[in-house]
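K.L.:
Sharing a structure with you now.
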Amino acid sequence: MMGERLRVIVALADAFEGAAVYDGLLSAGFDPAWCSNVREVGDAMRAQPFDLVIADVSLALDGRLQSEGRARNPLTPIILIGDPVRGLSAGAGGRCT
């Protein structure tokens, strides 16, 4: 739909970093939602569809972020922020430097 803002979940362990990403997305015209843990990500994605999840790699290490976060929409991309080695071991498909 034209004019619809993209919905993005921000789930970062560092509150300062998360607030900066949230504010940047909001300023750029996105519709961000803040989640502080994996359960909140799953609850948010079951409540409504999201276009993207930006999460701290530490939230993905046990695999719950991928399963809970994709329970409603398995095609929702998840961008992991943090240590690239930990991200790859958590199932990330690649990394950016």
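No value in this document is a laboratory result; all are computed from the given coordinates. Because the structure is predicted, anything quoted here is derived from the model rather than measured. Don't worry about glycine lacking a Cβ; one is built from the backbone with ideal geometry, like all the others, and counts go over all protein chains shown.
K.L.:
Could you work out, for segment 7-89, what percent of all Cα-Cα pairs fall into each 10 Å distance bin, beginning at 0 Å and stopping at the bin that holds the largest distance?
P.N.:
Histogramming segment 7-89 at 10 Å steps yields 20, 55, 24, 1 percent.
K.L.:
Enumerate the calculated ³J(HN,Hα) couplings along segment 46-55 in order (Karplus 6.51 cos²θ - 1.76 cosθ + 1.60, θ = phi - 60°), each rounded to whole Hz, writing x wherever the residue is Gly or Pro.
P.N.:
Using θ = phi - 60°, the values come out as 6, 6, 6, x, 10, 8, 7, 10, 10, 9 Hz.
K.L.:
What does the charge count around E4 come to, taking other residues whose C-beta lies under 14 Å from its C-beta (Lys +1, Arg +1, Asp -1, Glu -1)?
P.N.:
0
K.L.:
Around V38, under 11 Å between beta carbons, what's the net of Lys plus Arg minus Asp minus Glu among the other residues?
P.N.:
Net of charged neighbours comes to -3.
K.L.:
Put a dot 7 Å past each Cα toward the Cβ at D31 and R5; how far apart are the dots in nm?
P.N.:
Between R5 and D31, the label points sit 0.8 nm apart.
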